[in-house]
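For reference, the structure discussed in these notes is given below.
What follows draws every value from the coordinates through simple rules; no lab data is involved. Fair warning: this is a prediction, and the values are worked out from it, not measured in the lab. In this analysis, Cβ positions are derived from the backbone assuming ideal geometry, glycine residues included, and neighbour counts consider all displayed protein chains.
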Amino acid sequence: MTEDLDKLYKDMAQCIIEGESEVAIELAKKSIEIGLHPLDTITKGFVVGVNYIGDQFGAGEAFLPELVMAGEAMKAAVAVLEPELLKLGEAREMMGKVVLATVEGDIHEIGKTLVGTMLSASGFEVTDLGVDQPADKIIGKALEIDAQIIGMSALLTTTMVRQREVIEELDKEGLRPRIKVMVGGAPITRDWATKIKADGYSEDAVGAVKLAKELVGKADQ
Ligand code: B1M
């Protein structure tokens, strides 16, 4: 059984590496049928493949089309698993409102979407603005819906500075601590979050939920 599971996780990683969206969808469906935890499917299976391609790309051993295809396959797999992730949450009081976005100049969406799904499953009302979002749109939406939290994702070392711009703008407008800011994304570290005076940082989607609860003073729920 363990061997079967290992093989399934390897097949999941492999289909992302090969950019096989159809196979990714089938394997994601299979994981649901056999009762795997959707977060295990993502982190032990599909993410292994997308990280591998990312490393290969970074080393100049894979090229943009492969990165694009891996991204598409990853997106397809996560889309199948999203309803399962949402089912993990139970009906409960609304935890708070979050405006979520990938910062301006950055079109990476998979991790941000995963964070949004996990927050929704945990009782947060999430407004996901999508990718490539400038500071004024992020702040404008947070004010419009009276959000307690702005969550920003950045996957590029060239775009992570945009997180600081949003925080500086919030400070300038006197909107903190009314609106708390959480940041994440592959190049983001706790040191970076401290440096830009974010209210919190998480390295993954599960941690993002814990952090968001802390930020709205509901860590015990
Ligand atoms: Co791009 N890319 N990419 N890419 N891409 C990286 C990020 C890179 C590290 C690859 C590499 O070179 N090794 C590299 C960045 C290098 C750097 O900045 N130093 C890179 C590059 C260079 C680029 C382009 C510039 C390539 C080019 O055009 N020459 C280009 C940039 C385009 C742009 O944004 N302007 C580009 C494009 C793309 C695709 C479009 C092809 C595709 C994205 C598809 C999509 O999102 N629809 C893509 C992909 C797939 C990747 C990698 C391979 C995988 C990213 C991913 O989806 N990971 C990536 C390499 C890598 O990260 N290993 C890479 C899976 C996802 C679940 O993880 O997003 O980290 P992640 O999210 C995690 C945590 O970070 C955290 O929780 C999530 C779940 O656990 N988290 C948060 C994320 N956001 C959070 C927010 C929070 C809290 C936690 O609070 C608000």
Counting each DSSP H run of 4 or more residues in the chain as -39500 (n - 2.57), what helix-only mean residue ellipticity at 222 nm follows after dividing by all residues, to the nearest 500 deg cm²/dmol? -17000 deg cm²/dmol
Using Cβ contacts closer than 10 Å as the measure, can you line up HIS108, HIS37 from fewest to most? HIS37, HIS108
Using the alpha carbons of the chain, what is the convex hull volume per residue in cubic angstrom, as a whole number? 125 Å³
Proxy exposure order for ARG164, ARG176 (fewest C-beta within 10 Å first) is ARG176, ARG164
Name the shape class, rounded, prolate or oblate, that the alpha-carbon gyration tensor gives for region 99-199, where a ≥ b ≥ c are the square roots of its eigenvalues, rounded holds for a/c under 1.5, and otherwise prolate holds if a/b is larger than b/c and oblate otherwise. rounded
Sorting VAL68, VAL99, VAL131 on the 10 Å Cβ count, fewest up front, what's the list? VAL68, VAL131, VAL99
So what is the relative contact order for region 2-90, in percent, with contacts set as C-alpha pairs under 8 Å and at least six apart? 41 percent
Pick from GLU144, GLU82, GLU18: which residue has the top mean-square fluctuation in a GNM of the chain where Cα pairs under 10 Å get a spring? GLU144
Calculate, axis by axis, the spread of Cα positions in region 2-90 along the three principal axes, and write the results as whole Å, longest axis first. 43, 28, 20
Please sort through the DSSP H helices of the chain and keep those with an alpha-carbon extent of at least 20 Å along the long axis and a Kyte-Doolittle average not below -1.0. 2-17, 64-87
Gyration tensor (alpha-carbon) shape descriptor, region 36-75, a/c threshold 1.5: oblate
